[in-house]
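Nothing in this text is a laboratory measurement; each read-out follows from the coordinates by a stated rule. Only a predicted model underlies this, so the values are computations on that prediction, with no experimental measurement involved. With ideal geometry, Cβ positions are generated from the backbone for all residues, glycine too; neighbour counts draw on all protein chains shown.
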Amino acid sequence: MTVRHLESLFTPASVAVFGASERPGSVGATVWKNLLAGGFKGPVWAVNPKHARLGEREVYANADALPAPPDLALLCSPPRTIAPLVARLGAMGTRAAIIMTPGLTAEQRQAALNAARPHVLRLLGPRSIGLLNPNIGLNATLAHVGAKPGQLAFVSQSGALVTAFLDWARGRGIGVSSLVSLGDRCDVDFGDVLDWLASDWKTRAILLYIESVTAPRKFMSAARAAARNKPVIVVKAGRGGAGLAAVQSRSGDGPVGDDLVYDAAIRRAGMLRVDTLQDLLTAATTLARFRANQSSVITIMTNGGGAGVAAADAADAAGVALATPSARLRQASKDLDAPWLSHNPVDIGGDAPVQRYVDTLGALMADPDAGAVILLHAPSDNVSAADIAQACLPALKTQAIPRVMTCWMGDAAVAPARETFERAGAPCYITPESAVRAFAMLQTYRRNQEALMEVPSVGENASPDTDAARVLIEQANEWLDQAQVATLLGAYGIALAPPGESTDPLALAHRAARSRQIQVVARIDPLFGPVILCGHGGSGEEDMAAGLPPLNRVLAREMVQHTRVARWGEFGDGVRPPVRLEALYDVLIAISQMLAEQPRLAELELSPLWLDDQDARVGTARVRVSRTPVAGAERFAIVPYPTQWSRQLQWQGRTITLRPIRPEDEPQHAAFVERASMEDLRLRFFSARKSLPHSELARMTQIDYDREMAFIAEGLDADGHPETLGVGRTVANPDLVEAEFAVLVRSDLKGMGMGRLLLSELITHARARGYERLYGIVLRENQGMLGLARSLGFVAERHEDDEPDTQRMVLHLKPAP
């Protein structure tokens, strides 16, 4: 996995600083000072051949003079020394290093990476200002301040943003679980760190500052895995991108809507994108305290009309709906003689006494149709904000799911009230607009999480003319002529407008009078591969949205929702009726299918695509093909669900299905684990436990199918309901050279050949993926699994990281070079 040896980076047992110094302003002096000031409890060693002591600390001349190989090495020595030092440390057994020396050339950086690889020594940097883990007192940074322990992790490409974040967090008393400056990412990158933080129980939320991604499929895989476990919030530099200008470029050489594609990738990975550091922390706070709230509407409660109007305007701008007062609230309005309850915003007046706050908030909390309640309060001479907060506190403590967001406007006069509500777990904001924006972020996050759960396959929308389309493309020159375009689109069920319409002014005017004009483009993004863009043709980049294939109907709808086209499906304009969006979804899904099945498809543009209340028809289309494969499902940033690995077979006199696992299998998987004996679970997980938490079950059932595969054997129980009989899985290392396997069979089915069936399927899959080795770590007492592995060709091998009570069983799938 990509977390290999990262424990030595994040939680080292010992640290050595190479180039440690007392020279003011030097990298070695700053790093040494910060490391000592952090309070790290393990051994800390200084290395520098020019010094015998630094203060009261002994200084070692070189790596060989150290008492033991350091877990983590901080490299502050001259650039020419870095690669030889990495090679020596790797041979000694060091497994992680941070290159903090500035000024390495590209050749020196590559030399360091080459020296690290044979030992799987992980390198952070170069141009990294380091790493912080306040929970163990590790300050391995060049930063001017440290951080207190907390639950937020911050990962950044920008060293300046790291120091700014530290200043910002320190001033607000915000704690940090880990802080990572990635620098040039010659080895450790976003994917690696996300994989580590996803399973770090001390990290509740992950904050990212991204300038660029270099390994998109690895990044998407790690991001999707992390986002299933905890909130991942992103500030992506370069908001604005190339947009429609790039889409309209016919050269095919430029970027394809850079920022739009990043936006699509972030959404599809279940992360939340924000624009500023302030929004980053606002989103983290909101998700930490309000994520369980599933409301789609808000009710604004305010003691000032202006604040209520400001919040309502912000809601309209953000697409947040205000709740319509229900019959329950209208009745409460009569019972309490509170006419304000019949409106939204609920304006209780600037002279409202404490009891009016309590009664109004109580009535809103008793009505589920009121949605989330945003309580706005401006300081008043009539009543203390602190008294209002204390009086309303019981309503907060009785809510099973958080429903109240607050905005105590002002400073000193409302500080005690804000503190009271924050201690009670209610999110508090400074302005009405920021409170509404936070709720809008929550809605966006929820939509992105729903998109994350979608696992479409290539074969969901199979076309009967796929082979004919492939032959056409293989025989075509760079640009298809109009007859070829018509044949290709027809093969995938995309209809064209009647011949000649595009040149007939009357026909065009008739079409425009009852249709809307859409633009749909498919291109090959230089980073994320095949991508689809859709929007209102000619309206500017702000109305284009991107989607990463494979698409299904849910994902096509989610993509369109980011354009004004979505509103056309709800409202007419007095002349034209609402359009049939389902027809547009059909087109997007067909193009996704085309990109998966036609590897030479380089560019497709439907402009315009006419959409009315009946169907979608292409006015003009352009298609370009490449001489070499540039598309195809294997080049998607997100691996489709591999339906080709699903099959039915006979086993022990019953029909079972052997297939890759799906996210929706989680409840079934939980029941499978619960039926396993404690002994079988101990042999599988190396620890005795009867059940698995949701986060671990989610991690097991929501896989990316690229570096990970899990096959389940599924049958029907006596009542005809699906049940899991066994599961086998593999997890590959980052370079896809080898993969680790594990198998678990339901306890009452052991000895019947299920384990052999699953492990054989894993071997077949590993060969198909091109892995060189398949291995498993087995407890020595697990004679059943050891015997099964031997019977299928595995041999026992020893590895330096193996525990004494385990045996590594290895199957070499390719001959050694």
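Summary of computed values
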read-out	value
Virtual spin-label span in nm between residue 575 and residue 615, 7 Å along Cα→Cβ	2.4 nm
Volume of the Cα convex hull of segment 643-812, divided per residue and given in Å³	123 Å³
D_trans [Stokes-Einstein, Kirkwood Rh over alpha-carbon pairs] for segment 3-107, 4 °C, 1.567 mPa s, µm² s⁻¹	94 µm²/s
Charged-residue dipole, Cβ positions (Lys, Arg, Asp, Glu), segment 295-452 about Cα centre, Debye nearest 20	480 debye
Calculated log₁₀ intensity ratio I(q)/I(0) where the Debye formula runs over C-alpha points of segment 523-653, q = 0.18 Å⁻¹	-1.01
Candidates per trypsin sites (Lys or Arg not before Pro) in segment 1-104, loop by DSSP, up to 16 other Cβ within 10 Å	4, 41, 50
Convex hull per residue volume in Å³, alpha carbons only, for segment 372-468	127 Å³
Distance between modelled label sites at residue 324 and residue 23, nm, 7 Å Cα→Cβ extension	7.4 nm
With 10 Å bins from 0: P(r) over segment 135-179, alpha-carbon pairs, percent	29, 65, 6
Cα centroid separation - segment 21-73 against segment 213-236, whole Å	35 Å
Over 29 Å (Cα to Cα) - which of 202/814; 33/148; 50/148 fall in this group	202/814; 50/148
Segment 17-67: GluC sites (Glu not before Pro) falling in loop per DSSP and having at most 10 other Cβ within 10 Å	56
At most 15 other Cβ within 10 Å, DSSP loop - chymotrypsin sites (Phe, Trp or Tyr not before Pro), segment 521-616	571
Over segment 295-452, volume per residue of the alpha carbon convex hull, in Å³	105 Å³
Bins of 10 Å, starting at 0 and running to the largest distance - Cα pair percent for the chain	2, 11, 18, 20, 21, 16, 8, 2, 0, 0
Size of charge dipole - the chain - debye, nearest 20, with Cβ of Lys, Arg +1 and Asp, Glu -1, no other charges	1720 debye
Derived scalar couplings ³J(HN,Hα) [segment 292-303; Karplus, 6.51 cos²θ - 1.76 cosθ + 1.60; whole Hz; x for Gly, Pro]	5, 6, 10, 5, 10, 9, 10, 10, 9, 10, 9, 9
